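The values are calculated or read from the model by the stated rules, or taken from the named source; none is laboratory data. This is a predicted model, so every value here is computed, not measured. A quick note on method: Cβ atoms are made from the backbone with ideal geometry, for glycine too, and the neighbour counts reach across all protein chains shown.
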Amino acid sequence: MIRVQYFARYREALGLDGEQLNWEPTFSRVDALRHFLLARGGVWELMAEPNLMCARNQELCSLDEPLEDGDEVAFFPTVTGG
Amino acid sequence: MIRVQYFARYREALGLDGEQLNWEPTFSRVDALRHFLLARGGVWELMAEPNLMCARNQELCSLDEPLEDGDEVAFFPTVTGG
Amino acid sequence: MTIRVQQHSFDPGVEVGALHSANLGIGAVASFVGYVRDFNDGLEVSGLFLEHAPGMTEHALEKIASEAHERWPLLALDILHRVGRLEPGDPIVFVGAASAHRDAAFDACRFVMDYLKTRAPFWKKEDTSEGARWVEGRASDEAAARGWSSSG
Amino acid sequence: MTIRVQQHSFDPGVEVGALHSANLGIGAVASFVGYVRDFNDGLEVSGLFLEHAPGMTEHALEKIASEAHERWPLLALDILHRVGRLEPGDPIVFVGAASAHRDAAFDACRFVMDYLKTRAPFWKKEDTSEGARWVEGRASDEAAARGWSSSG
């Protein structure tokens, strides 16, 4: 199982703050999961935004980050704190 | 007439916070005045300190600064504010 | 080090005083307060909503703070970030760094701010004269954060 | 801009608040507070006397403040320096710079501090465990101030 979260503009555009996906061995890296979501088409094309950021288990990571069953992943637009 | 002021460690070492000197045409620059004071010898040798700072008419200046009759000059050690 | 994510406001004077009270060896406290402006990117702003990612936020702030402590001889460090609804003029963020001397305090404070802007999960949605809009990250902020990796 | 040389203490929170109150376009206030430390150059310090050169001091501070305003788009700038007798833990100096964005605020605040340390007529005499001594200027401060001429 993979828990996925969406924040800010992504959350609003997708109309979804998160979901749970069954673990697939193809989800070997965060980028593979991103491509899976992107393939849904339509509004999910925001997963192709060049500025997309992601986190694994509550830590910022790159799209190359390896994934394991049970992980929590978040996708979000550029942060704008401070 | 030249009014000369001494601050901080110089004031204490010289036992003097200021003095008035009659104008001499040889006081053409601050450095000439400094040499005049240095020539007094003894405690006045602090006028040879490499870190000596000076001001003319209440503005920091270099030893090359030209002097005129009526000016106010100050000599002091490195500042340590802030 | 103190890290807080909160809805309610704060007093920069209380924060600076608390930082300094940690230690009589503190000679320098550099601090920063960020405020909601009434104007941004060409539009009037009447309010702001600050979203964050609970859990992840605290992680990110602790990591930023630990890195600052590793890089500089800090005697105290305070990061406070507000979330929720804010009005123009409201303080958003406080960062304060205390050290024996000013260089470490200044560097650490700016480092934390640059990282907060680019590595902490906060997002701003502005109410403007032309409706609500999400604020997009600035390339200059990203460049500022990257600058610390090369100069470290 | 506000420039004060005074004997009595101050509250950094009041200063930061006053800086920000100037303008709702202010998004950033960077500030610095310098304190008397209880230890300096290997000796315990029990107190400090801050001498200055009246008249010349105000001249020097105004010049520093004007230069900061010329270099950065500041919306407010506050320089406050205490003189007279101070105890360990007492605040000595406050510098605060306000701007729309943080870079100008940080740069201006640090610039003013670097110049205050090397170009303003203040001198510190410490009471230490081995008697009173005048604090000597640090070469690193001089280097910091010179750094701004080349990067300006």
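Scanning the stretch B:46-82 for residues being away from every other protein chain (no Cβ under 11 Å) and more than 12 Å from the chain's Cα centre (by Cα) gives a total of 6. With the condition kept exactly as written, say whether any residue in the stretch C:74-82 is over 24 Å from C:G25 (Cα atoms) and within 16 Å of the chain's Cα centre (by Cα). Yes, the stretch C:74-82 has at least one match.
Would you point out the residue of the stretch C:78-117, among those that are hydrophobic (A, V, I, L, M, F, W, C), more than 8 Å from every other protein chain (Cβ to nearest Cβ) and in a helix (DSSP H, G or I), that is surrounded by the fewest Cβ atoms within 10 Å (Cβ to Cβ)? If we take residues in the stretch C:78-117 being hydrophobic (A, V, I, L, M, F, W, C), more than 8 Å from every other protein chain (Cβ to nearest Cβ) and in a helix (DSSP H, G or I), then C:A104 is surrounded by the fewest Cβ atoms within 10 Å (Cβ to Cβ). I need the full set of residues from the stretch D:23-53 which are at pLDDT below 95 and more than 11 Å from chain C (Cβ to nearest Cβ), in order please. The answer is D:D41, D:G42, D:L43.
When restricted to residues that are surrounded by fewer than 17 Cβ atoms within 10 Å (Cβ to Cβ) and either closer than 22 Å to D:A53 by Cβ or touching a residue at least 24 places away in the same chain (Cβ under 8 Å) (or both), the stretch B:37-61 contains 9. Within the stretch C:118-132, work out how many residues are within 9 Å of chain A (Cβ to nearest Cβ) and within 19 Å of C:L43 (Cβ to Cβ). Of the residues in that region, 3 qualify. Inside the stretch C:118-142, residues that are farther than 13 Å from C:N40 by Cα, in contact with a helix residue (DSSP H, G or I) (Cβ under 9 Å, 6 or more places away or on another chain) and among the hydrophobic types (A, V, I, L, M, F, W, C) make up a count of 3.
So which residues in the stretch A:64-79 are under 15 Å from C:M56 (Cβ atoms) and of a type in the set (G, A, S), if there are any at all? Across the stretch A:64-79, the qualifying residue is only A:A74. Scan the stretch C:54-72 and tell me whether some residue there is within 14 Å of chain D (Cβ to nearest Cβ), of a type outside the set (V, I, T) and out of contact with any Asp or Glu (no Cβ under 8 Å at 6 or more places or on another chain). Within the stretch C:54-72 (the criterion being within 14 Å of chain D (Cβ to nearest Cβ), of a type outside the set (V, I, T) and out of contact with any Asp or Glu (no Cβ under 8 Å at 6 or more places or on another chain)), the answer is no, since none of the residues qualifies.
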